[in-house]
1. With Ile70, Ile62 as the choices, which residue is aliphatic (A, V, I, L, M), in contact (Cβ under 8 Å) with a residue 40 or more places away in the chain, touching a strand residue (DSSP E or B) at 6+ places or on another chain (Cβ under 7 Å) and closer than 14 Å to Tyr8 by Cα?
2. For the stretch 190-207, name all the residues that are of a type outside the set (Lys, Arg) and either under 23 Å from the mean Cα position of the chain (by Cα) or at pLDDT below 75 (or both).
3. Of the conditions (1) surrounded by 15 or more Cβ atoms within 10 Å (Cβ to Cβ); (2) among the aliphatic types (A, V, I, L, M); (3) modelled with pLDDT of 95 or more; (4) assigned to a helix (DSSP H, G or I), Val72 clears all except one; give me its number.
4. Could you tell me how many of the residues in the stretch 220-268 are among the aliphatic types (A, V, I, L, M) and over 24 Å from Lys288 (Cβ atoms)?
5. Take the stretch 248-270 and flag every residue that is at pLDDT 90 or above and acidic (Asp, Glu).
6. Which of the following residues is among the small types (Gly, Ala, Ser) and modelled with pLDDT of 95 or more: Gly100, Gly112, Gly91, Gly82?
7. Only one of (1) more than 22 Å from the chain's Cα centre (by Cα); (2) within 28 Å of His128 (Cβ to Cβ); (3) part of a loop (DSSP other than H, G, I, E, B) is not met by Tyr8, so which one is it?
8. How many residues does the stretch 17-41 hold that are under 30 Å from Arg76 (Cα atoms) and crowded, with 19+ Cβ neighbours inside 10 Å?
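The values are calculated or read from the model by the stated rules, or taken from the named source; none is laboratory data. From a predicted model like this one, the values you see are computed outputs, not experimental measurements. When we count neighbours, we look across all protein chains shown, and the Cβ atoms used for this are built from the backbone with ideal geometry, even at glycine.
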Amino acid sequence: MRIAVLKYEDAVPTCVTGPADIWSGMSRLYPVLTGIPMEMPIEVDFVTPSGKATGKYDLIIIPAMRFEKIEVVMKREQKMIGWLQDQYAQGAELASICVGAFLLASTGLLTGKKATTNWLFADLFRKHFPYIVLEDDKVIVDQGRLYSCGGAFSFTSFMIYLIEKFCGHEMAITASKILMINVHEQPQSTFSIFRFQHEHPDEEINKAQFYIEKNYKQPLTLESLAGRSNMSVRNFIRRFEQATTNTPFEYLQRVRIEAAKKILETKKDGVEQVAARCGYEDVDYFRKIFKRYVAMTPKAYQEKYGRK
């Protein structure tokens, strides 16, 4: 099995060497641990834009790039993008790590398909590639011969996933034990931080957002929010969603849940106390909304990220 790891200017070094080390390490250690030689020898190459990669690869890994260089890399690496297209046409499978998805998407091979990237850059990805269904809540998205994962350092579990795809379940379990890598189960929403969406030109909606962010503990209604903006409820909802991609109700919930996460991370308050401090009278409803946006219960989140 031939694997190529792209090594281009501005690639994140760990995302270049890390995947190569995982595949190479498994190849070396598997026979030692099991006493059985691998049925399919693994060869890993680093491929640079100026290099002369020969022959066909089975799997090509596209590392993440420095996030501030996304636009530069997409514009500069046209030769590499063309090489990826040619390799795919010859049967290679392509796998992107984190914002490496911008390079994978630039090939045009994801048109009409699904992908993921780091949740921080989801809006930028959608702006560049509106014809791709971005599932930024997913850590790994599998589209047959095209794979993507969400975070730069989720490449470890991503490689175990690919080992299972190419080498089978038993090999993947063995590799996870050899390398002590857990298989990823949690979605990106567990790790994401809600960013208040003020980068739009609608000043009235911006004012409404600031009001929600300041008064989220209070019982806010659509009627009261629309009235403060001198709009009908229907027009307020339309403009709010157009500006922020969230309805006013969704925005309020996300502001409250983000506040709840911070309390759970820094204090030892019980779930009932946290719910009340964030504007929820019904603690069961709070648990339901929290799990919807964070993919964990408040208690599980506190146990994982709270101060010990």
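1. Details: Ile70 fails: touching a strand residue (DSSP E or B) at 6+ places or on another chain (Cβ under 7 Å).
Going through Ile70, Ile62 in turn, just one is aliphatic (A, V, I, L, M), in contact (Cβ under 8 Å) with a residue 40 or more places away in the chain, touching a strand residue (DSSP E or B) at 6+ places or on another chain (Cβ under 7 Å) and closer than 14 Å to Tyr8 by Cα: Ile62.
2. Residues of the stretch 190-207 of a type outside the set (Lys, Arg): 190-194, 196-206.
Within the stretch 190-207, Thr190, Phe191, Ser192, Ile193, Phe194, Phe196, Gln197, His198, Glu199 qualify.
3. (1)
4. From the stretch 220-268, those among the aliphatic types (A, V, I, L, M) are 220, 222, 225-226, 231, 233, 237, 243, 252, 255, 257, 259-260, 263-264; that's our starting set.
Narrowing further to those that are over 24 Å from Lys288 (Cβ atoms): 226, 231, 233, 243.
Final tally of qualifying residues: 4.
5. Glu250
6. Unique residue meeting the criteria: Gly100.
7. Tyr8 satisfies all of (1) more than 22 Å from the chain's Cα centre (by Cα); (2) within 28 Å of His128 (Cβ to Cβ); (3) part of a loop (DSSP other than H, G, I, E, B) except (1).
8. As a first pass, look at the stretch 17-41 and keep what is under 30 Å from Arg76 (Cα atoms): 17-24.
Next, only the ones that are crowded, with 19+ Cβ neighbours inside 10 Å stay: 18-20, 22-23.
Residues that pass the stated criteria total 5.
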